[in-house]
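Visitor: Structure incoming, see below.
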Amino acid sequence: MDNTRLQKIERLVQKDLSEIFLLQTRQTPGVMVSVTNVRMSSDLSLAKAYLSIFPSGKGTELMKNIHLNTKSIRYELGLRIGKQIRKVPELAFFLDDSIDYLENIDNLLKH
């Protein structure tokens, strides 16, 4: 598949997933979920979304909740991008802990 088209669809899915998580996390104060990256398979059937969760202590709890609600998140995504792509991709969510890793390195360098 054309690399430019794939990148455009990845950005579209990332933007819409970010908006979905923004609306859902407004109900729980003190929690922020951001979509750091989305990787699509070449046939557009699978979207791997990498999530950064603040505070990181609630990461496993929120990831468990997100995995339980994957179908409803996919439905919401389908309502948003259904007119732009033919098939709404299956969603797989992963925790992006690169920010915690960088913070740990920064703390080690300070000491």
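Visitor: Are any residues in segment 13-40 of a type in the set (S, T, N, Q) and loosely packed, with under 14 Cβ neighbours inside 10 Å, and if so, which ones?
Guide: Passing the criteria: 27, 28.
Visitor: A further question follows. Does segment 83-111 hold any residues that are among the small types (Gly, Ala, Ser) and modelled with pLDDT of 85 or more, and which are they?
Guide: If the condition is that a residue be among the small types (Gly, Ala, Ser) and modelled with pLDDT of 85 or more, then 92 is the only one that fits.
Visitor: What residue, among those in segment 1-39 that are without any contact (Cβ under 8 Å) to a residue 60 or more places away in the chain and charged (D, E, K, R), is nearest to residue 58 (Cα to Cα)?
Guide: 26
Visitor: For segment 23-40, which positions are out of contact with any Asp or Glu (no Cβ under 6 Å at 6 or more places or on another chain), in a strand (DSSP E or B) and not β-branched (Val, Ile, Thr)?
Guide: 32, 34, 37, 39
Visitor: Among the residues of segment 41-53, which ones are part of a strand (DSSP E or B) and surrounded by 16 or more Cβ atoms within 10 Å (Cβ to Cβ)?
Guide: The answer is 47, 48, 49, 50, 51, 52, 53.
Visitor: Looking at 80, 11, which is the one that is in contact with a helix residue (DSSP H, G or I) (Cβ under 6 Å, 6 or more places away or on another chain) and in a helix (DSSP H, G or I)?
Guide: 80
Visitor: List pairs: first in segment 77-99 and closer than 15 Å to residue 16 by Cβ, second acidic (Asp, Glu) and outside any loop (DSSP other than H, G, I, E, B), Cβ under 9 Å, 6+ apart or cross-chain?
Guide: Once the first residue is closer than 15 Å to residue 16 by Cβ and sits in segment 77-99, its partners that are acidic (Asp, Glu) and outside any loop (DSSP other than H, G, I, E, B) give 77/16; 80/16; 80/19; 81/16.
Visitor: Given the residues 85, 99, which is the only one that is part of a helix (DSSP H, G or I) and among the β-branched types (Val, Ile, Thr)?
Guide: 99
Visitor: Just for segment 1-48: of the residues that are of a type in the set (Ser, Thr, Tyr) and within 12 Å of the chain's Cα centre (by Cα), which one is farthest from residue 76 (Cα to Cα)?
Guide: Among them, the one singled out is 36.
Visitor: Of these, 58, 71, which one is modelled with pLDDT of 95 or more, farther than 18 Å from residue 3 by Cα and either charged (D, E, K, R) or part of a strand (DSSP E or B) (or both)?
Guide: Being modelled with pLDDT of 95 or more, farther than 18 Å from residue 3 by Cα and either charged (D, E, K, R) or part of a strand (DSSP E or B) (or both) holds for just one of 58, 71, which is 71.
The values are calculated or read from the model by the stated rules, or taken from the named source; none is laboratory data. A quick note: this is a predicted structure, and the numbers were derived from the prediction, not measured. Note: ideal-geometry Cβ built from the backbone for every residue, glycine included; neighbour counts use all protein chains shown.
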